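Notes to accompany the following structure.
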Ligand code: NAD
């Protein structure tokens, strides 16, 4: 037998689009999905590739490649973040757009799914270059976005300043302020209170509900997080407030480890206030540099593991080393199907991405509603409504999981795909 072929067959595909299609295929079988609906759901409704020329600080013009994919507009305008990262591919954006479709249906907000991305390293661009890139990318995708069509938001490598530039760019084109065209904007610019920490708050609610279900105590529990960006920081803070000990954190610079618990408030101050951006240089806990940090983090003896960085972090290769009782997916697509099977056999309770990290899009929806009405809520209102939505979605997914004897991921897919399929059938096939 050809050794290379054999080896290639042993390794699972890490292409996120192949994974997303496989997940859809699995749920289609489980819910007896109408084959005509299944055929339509396998394709993104629209894919746009754009060339984004930017005048760099050295006077040269550089062209970056960007994408905006709208997987589905069946349940309303499409919604999804914009990613600035060197490893962005069209297949990744297609997968993320499809996952957004299911996520919006799971939490029952009236959106379809979309995602955007630009192949670039934002950490290597000056502020002026980043603004040029954001504004030109916004211009290129403006033909398909708008408050009634498709509403972007921040994701990996983008933030509220970039959303402000994008909102301003679209507003300049139209000749008036179009606040509802993007969410995740600064509060001063028609953003929503509570949006910045919404994803982490949502992750915390799903962990809290899981703990109730499993009969576990949050106070004194331990958690390790991969990623200390928008999602990682806010999740760590909320868990810290509920009595968790954060014993491990990694980011792109390395990892911090302390069995007595890391001072999360001081670490957030370190990455935000001191302009450090990275966890490296934080005093106190042991610091481990390089890829070794993630290996150590994933195999820590903790109660909860929160991947909050990239896709394909828990794979068939490292899933067996995981000792956590609960994995809460702050990131999108952090666990591969092979890893899923291994974790399930080990009895790990996985809170799937399309449920765990949905708090971000839920408060983005609240922001859009506030923008359309020009009527703004206080933070308590936002957090209370978020909690209601997250707890209801969690209960619904758990109920399906118990009824169907399915994993939480399969149950979330049954709920999300089932709702989109039902909406598609009601609308029919045009023309
Ligand atoms: P971010 O850019 O704010 O932060 C990303 C973090 O991951 C940074 O701390 C970075 O250093 C770290 N990181 C990158 N590569 C790493 C590696 N190899 N090992 C360890 N850490 C690494 O991005 P974010 O908005 O926090 O998004 C993180 C994930 O959460 C993504 O999968 C995103 O799609 C998902 N997500 C984000 C939101 C949101 O509201 N921002 C909502 C839902 C899901």
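The values are calculated or read from the model by the stated rules, or taken from the named source; none is laboratory data. Not measured: the values here are computed from a predicted model. Counting neighbours? That spans all protein chains shown, and the Cβs are built from the backbone with ideal geometry, glycine included.
Brief remarks on what is shown
- Residue count for the range 211-258 satisfying the condition of being in a loop (DSSP other than H, G, I, E, B) and either closer than 28 Å to residue 292 by Cβ or in contact (Cβ under 8 Å) with a residue 24 or more places away in the chain (or both): 14.
- Residue satisfying condition, being under 23 Å from the mean Cα position of the chain (by Cα), farther than 26 Å from residue 194 by Cα, in a helix (DSSP H, G or I) and not assigned by TED's automatic domain parsing to the domain that holds residue 343, within set 393, 411: 411
- Restricting the range 286-314 to residues that are over 22 Å from the mean Cα position of the chain (by Cα) and part of a strand (DSSP E or B), the residue that is farthest from the ligand (Cβ to nearest atom) is 286.
- Residue 252 farther than 14 Å from residue 224 by Cα and within 12 Å of the ligand (Cβ to nearest atom): yes
- For the range 259-285, filtering for residues that are within 10 Å of the ligand (Cβ to nearest atom) and either surrounded by fewer than 15 Cβ atoms within 10 Å (Cβ to Cβ) or farther than 26 Å from residue 88 by Cβ (or both) leaves 1.
- Counted residues, the range 337-351 - those being over 18 Å from residue 325 (Cα atoms) and in contact with a strand residue (DSSP E or B) (Cβ under 6 Å, 6 or more places away or on another chain): 0
- Residue count for the range 42-86, restricted to those that are in a loop (DSSP other than H, G, I, E, B) and within 16 Å of the ligand (Cβ to nearest atom): 2.
- Residues of the range 87-105 satisfying the condition of being part of a helix (DSSP H, G or I) and farther than 14 Å from residue 357 by Cα: 90, 91, 92, 93, 94, 95, 97, 98
- Test for residue 158: is it assigned by TED's automatic domain parsing to the domain that holds residue 87, at pLDDT 95 or above and part of a helix (DSSP H, G or I): no
- Test: residue 348 is surrounded by 24 or more Cβ atoms within 10 Å (Cβ to Cβ) and more than 9 Å from the ligand (Cβ to nearest atom): no
- Selection status of residue 202, within 13 Å of the ligand (Cβ to nearest atom) and either outside the structural domain of residue 305 (by TED's automatic domain parsing) or touching a strand residue (DSSP E or B) at 6+ places or on another chain (Cβ under 8 Å) (or both): no
- Members of the range 315-336 found to be touching a helix residue (DSSP H, G or I) at 6+ places or on another chain (Cβ under 6 Å) and within 10 Å of the ligand (Cβ to nearest atom), listed by number: 329, 330, 332, 333
- Residue in the range 352-360 that is part of a strand (DSSP E or B), in contact (Cβ under 8 Å) with a residue 24 or more places away in the chain, in contact with a strand residue (DSSP E or B) (Cβ under 6 Å, 6 or more places away or on another chain) and buried (at least 24 other Cβ atoms within 10 Å of the Cβ) present: no
- Every residue from the range 51-62 that is more than 18 Å from residue 142 (Cα to Cα) and touching a strand residue (DSSP E or B) at 6+ places or on another chain (Cβ under 7 Å): 55, 56, 61, 62
- Options 187, 223, 145: the member that is within 16 Å of the ligand (Cβ to nearest atom) and touching a helix residue (DSSP H, G or I) at 6+ places or on another chain (Cβ under 7 Å): 223
- Candidate set from the range 152-166 (those that are in contact with a helix residue (DSSP H, G or I) (Cβ under 6 Å, 6 or more places away or on another chain) and more than 10 Å from the ligand (Cβ to nearest atom)); member that is nearest to residue 87 (Cα to Cα): 162
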